[in-house]
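**Q** The structure is given below, and queries will be raised subsequently.
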Amino acid sequence: MRRKNILAIAFGLAICAGALPLLAAFYISRERAFNLERQHLADYAEWTLQRGDLNVSRARTALNLLASEHRQACSADDVVRLQQVTTDTLSVEEIAITHNGRLICNSWGLARGEAVLTGEATLLSGGYALRLHGGGLSVPSSDMIVISKGDYHALLKRERLVDVLRDTPMLLGIATLSGRLIVVSGEADPGLVARLVREEITGINDGNVFASRRGKDFVAFAISSRSVVDWRTGSELWTLIPIGVGISLALIALIVWLSRQRLSLAGELATGIRRQEFLAYYQPIIELSTGRCIGAEALIRWQKPDGTWISPDLFIPFAEQNGMIGQVTAIMIRKVISNMTQALTEHRDMHVAINISPQDVETGEFLTHINDAIEGVNVQPEQIWLEVTERGFVHGDVARATLEKAGNAGHVIAIDDFGTGYSSLSQLESLPVTVLKIDKSFVDAIGQDAVTSVVTPHIIEMAHSLKLKMVAEGIETAEQERMLRQSGVQYGQGWLYAKALPFEEFMAFYEKRNAATQDNELGSAESGASSDFSPLNG
Ligand code: C2E
Ligand code: MG
Ligand code: MG
């Protein structure tokens, strides 16, 4: 990726990172505001219901009291008693007594007119009746409801039933369970009111937020405008915006830091290539049946001038993504062959394996570099092994052509990290691959209760049937070595023997190991001991 691309991507990500938390803060605020308002209205509907029940139960108590005192004679005493009970009962405006449906007296005195109890009655719990108008007992009657028990009647102002103190603007209403609306505290959409009276719901529509609650005699509801939600959103935002801004800033800072890292890694890698700051280290490869060192894998090491080491797991993928791997591979090829020429010439059974990236396979340039490097020196092409990962076969035909060319030139081709990619062993049959490197993860699984431990013997068996040689990577224990050797895996490398070593140390390891192995073999032959080799640590 070029500098311009890194900057463009970083800029795009920074804008997203800045905007997304703020948008999320707004969205969450709005959701919270809706939910709060819905709960708020549900609470008010509940309180309205309680208020309605309370008023009606006060009226019932008053009516029961008068009925128990038998006041239907309407004597002067009785009228005084009616007045007294009316005054003592909060929310009851008037009490009346009828006989055969005609008014006899009320808390104002004896009836003079011919007032008759009218209006359809709704039955309430406990045998009480409710009429939605003054029922002919009171003038004007339209703002009154009547609660009746036999001939005793209590008149209440409708508004009393929704007389609940509110902390935000809203409409409150109450209706009978049968759906007869008693009162709404303002103008409301009749369709919405009908819905709220019918079922217990909370919700939001285009213009309103609403909630209803049902009790044993009544259903109460509360409706507010969506503008209340806007107002609530605003106050929620005050809490969330600082958090959103904090997250935005943190993300932007992270992106700036990462892009600076990438920009600086790109710059440093370019410098590293120009100044050839890379070293080739060598990890010994051991023949498991004899314990002999038969070669090495060349592994790149990068030490910057300030002394810090950068892991190949970090900069190799970066070089691959940024079009620099070709130069890195070329440097490694030159270094490895210049280090190893003498050793390879002296020991014809020794090899060195060089890692080749998928992009190298695509261009095929590495072959020219190897040719140039071994031309004129006495190194055989089969002493140079090439390690290609499964990703190297992605570009099918191109990969095949390059690898066939390499195979024809005499190099040994090994498939690296086998089992971690997607290729199957049968796919390998058609490629000029002769060595399979079993990935460390499968070696780690040996003797463990892991899922991969089932796969390892399978891979080994298939490789045998395809007549592929195997190198097991990352052997760390004698137990792993023993199992691999018993399964017929020919070669291995790992910290059990040695880590990747600078060239001179590798050569010292090689000489010492093979001298020791020779002694051991001689000793074993003389003493007639088992030929099973016990590994020597280098
Ligand atoms: P790889 O080719 O699979 O190399 C094996 C890695 O496993 C090496 O890591 C090696 O040091 C490590 N290893 C070997 N034995 C053991 C062990 O017993 N235990 C543990 N924990 N690790 C072990 P390294 O050197 O860090 O290289 C990492 C990867 O970087 C290599 O994996 C290879 O994919 C890449 N790489 C290294 N050098 C080159 C190079 O010159 N060119 C290219 N294209 N890639 C390279
Ligand atoms: Mg390798
Ligand atoms: Mg590997």
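**Q** Around E511, with a cut-off of 12 angstrom between Cβ atoms, what is the net charge of the other residues, counting Lys and Arg +1 and Asp and Glu -1? The partial results should precede the final answer.
**A** Values: positive: R292, K512, R513; negative: E346, E504, E505.
That works out to 0.
**Q** List the pair-distance distribution P(r) of segment 276-531, using every Cα-Cα distance, as the percent of pairs falling in each 10 Å bin from 0 up to the bin containing the longest distance, rounded to whole percents.
**A** Reading the bins upward from 0: 7, 30, 36, 22, 5, 1.
**Q** Net charge near H369, counting Lys/Arg +1 and Asp/Glu -1 over other residues with Cβ under 10 Å of its Cβ?
**A** Working: positive: R334; negative: D360, E365, D372.
Overall, the nearby charge balance is -2.
**Q** Something else now. As a test of the formula, what do you get for the chain when each DSSP H run with n ≥ 4 contributes -39,500 (n - 2.57) and the sum is divided by the residue count, at 222 nm and rounded to the nearest 500 deg cm²/dmol?
**A** The per-residue figure over the chain is -16500 deg cm²/dmol.
**Q** Can you pull out the trypsin sites (Lys or Arg not before Pro) in segment 1-88 whose DSSP state is coil and whose Cβ has at most 12 other Cβ atoms within 10 Å?
**A** On the way: sites: R2, R3, K4, R30, R32, R38, R51, R58, R60, R71, R81; in loops: R2, R71.
Those satisfying the criteria are R2.
**Q** Within the chain, what's the longest stretch lacking chymotrypsin sites (Phe, Trp or Tyr not before Pro) that sit in DSSP loops with no more than 16 other Cβ atoms inside 10 Å?
**A** Longest gap between qualifying sites, sites excluded: 109-421.
**Q** Now for a separate question. Angle between the Cα long axis of helix 325-346 and the longest principal axis of the chain, 0 to 90 degrees, nearest 10?
**A** Here the helix axis deviates by roughly 30 degrees.
**Q** Grab the other residues whose beta carbon is less than 15 angstrom from that of N339, score K and R as +1, D and E as -1, and report the net.
**A** -1
**Q** Compute the helix-to-body angle for 452-465: its Cα long axis versus the longest principal axis of the chain, expressed 0 to 90° and rounded to tens.
**A** Once rounded, the angle reads 40 degrees.
**Q** Let me ask you something else. So, in nm, how far is label H464 from label Q39 when the simple model puts each one 7 Å beyond its Cα toward the Cβ?
**A** My value for the distance between the label points is 6.8 nm.
**Q** Short version: ³J(HN,Hα) in whole Hz for each residue of segment 168-179, in order, from phi by Karplus 6.51 cos²θ - 1.76 cosθ + 1.60 (θ = phi - 60°), x for Gly and Pro, what are they?
**A** My calculation for segment 168-179 gives 9, x, 6, 9, 10, x, 9, 9, 7, 4, 6, x Hz in order.
**Q** So, one more: Longest segment of the chain with no GluC sites (Glu not before Pro) in a DSSP loop having at most 16 other Cβ atoms within 10 Å?
**A** Working: sites that count: E69, E114, E120, E187, E199, E200, E375, E476.
Between exposed loop sites, the widest span is 201-374.
**Q** Just grab the label-to-label distance for S225 and T420, each label 7 Å out from Cα along the Cβ direction, in nm (one decimal).
**A** It works out to 6.5 nm between the two label points.
**Q** Given a cut-off of 28 Å, name the pairs among K440/K469; K440/K467; K4/K499; K304/K469 whose C-alpha atoms lie farther apart than that in the structure shown.
**A** On the way: K440/K469 16 Å; K440/K467 21 Å; K4/K499 39 Å; K304/K469 37 Å.
In this structure, K4/K499; K304/K469 exceed 28 Å between Cα atoms.
**Q** At 1.4 Å probe radius, can you tell me the per residue accessible area of segment 1-268 in Å²?
**A** 52
**Q** Starting from the 7 Å offset along Cα-to-Cβ, what nm value, one decimal, do you get for the label separation of R30 and L54?
**A** Once both label points are built, they end up 3.8 nm from each other.
**Q** For E94, list long-range residues whose amide hydrogen, built 1.01 Å from N in the peptide plane, is under 5 Å from its own amide hydrogen.
**A** Hits under the 5 Å cutoff: L155.
**Q** So, with a 1.4 angstrom probe, what is the percent of accessible area on segment 26-140 that is carbon and sulfur? Walk me through the intermediate numbers first.
**A** Numbers: 3280 of 5950 Å².
Ligands and nucleic acids excluded, carbon and sulfur reach 55 percent.
**Q** Another question, then. Given N residues in segment 203-266, what is its alpha carbon radius of gyration divided by 2.2 N^0.38 Å?
**A** 2.16
**Q** Based on the Kirkwood radius over alpha-carbon pairs, what is the Stokes-Einstein translational diffusion coefficient of the chain at 20 °C with 1.002 mPa s viscosity, in µm²/s? Walk me through the numbers on the way to the answer.
**A** Working: Rh = 32.0 Å.
D = 67 µm²/s.
**Q** Something else about it: How big is the antiparallel share of DSSP beta bridges in the chain, given as a percent to the nearest 5?
**A** In the chain, approximately 70 percent of DSSP beta bridges are antiparallel ones.
**Q** What list of ³J(HN,Hα) couplings, whole Hz, do you get for segment 23-30 from phi and the Karplus terms 6.51, -1.76, 1.60, once you set θ to phi - 60° and write x for glycine and proline?
**A** Working through the residues one at a time gives 4, 5, 4, 5, 4, 5, 4, 5 Hz.
**Q** So what is the relative contact order for the chain, in percent, with contacts set as C-alpha pairs under 8 Å and at least six apart?
**A** 12
**Q** Could you work out what % of the accessible surface of segment 300-403 is carbon and sulfur, using a 1.4 angstrom probe and leaving DNA, RNA and ligands out of the count?
**A** Here carbon and sulfur together make up 50 percent of the probe-accessible area.
**Q** Here's something else I'd like to know. Apply the Karplus curve 6.51 cos²θ - 1.76 cosθ + 1.60, θ = phi - 60°, to the phi angles in segment 14-19 and return the couplings in whole Hz, x for Gly and Pro.
**A** So the J values, rounded to whole Hz, are 5, 5, 4, 5, x, 7.
**Q** Between the helical axis of 503-527 and the dominant principal axis of the chain, each derived from Cα atoms, what acute angle in degrees is found, rounded to the nearest 10?
**A** With both axes taken from Cα atoms, the answer is about 70 degrees.
The values are calculated or read from the model by the stated rules, or taken from the named source; none is laboratory data. Model, not experiment: these values are computed from the prediction. For neighbour counting, all protein chains shown are included, and Cβ atoms are generated from backbone atoms with ideal geometry for every residue, glycine included. These accessible areas exclude ligands, DNA and RNA; they are computed on the full protein's heavy atoms, side chains included. Shrake-Rupley method; radii C 1.70, N 1.55, O 1.52, S 1.80 Å.
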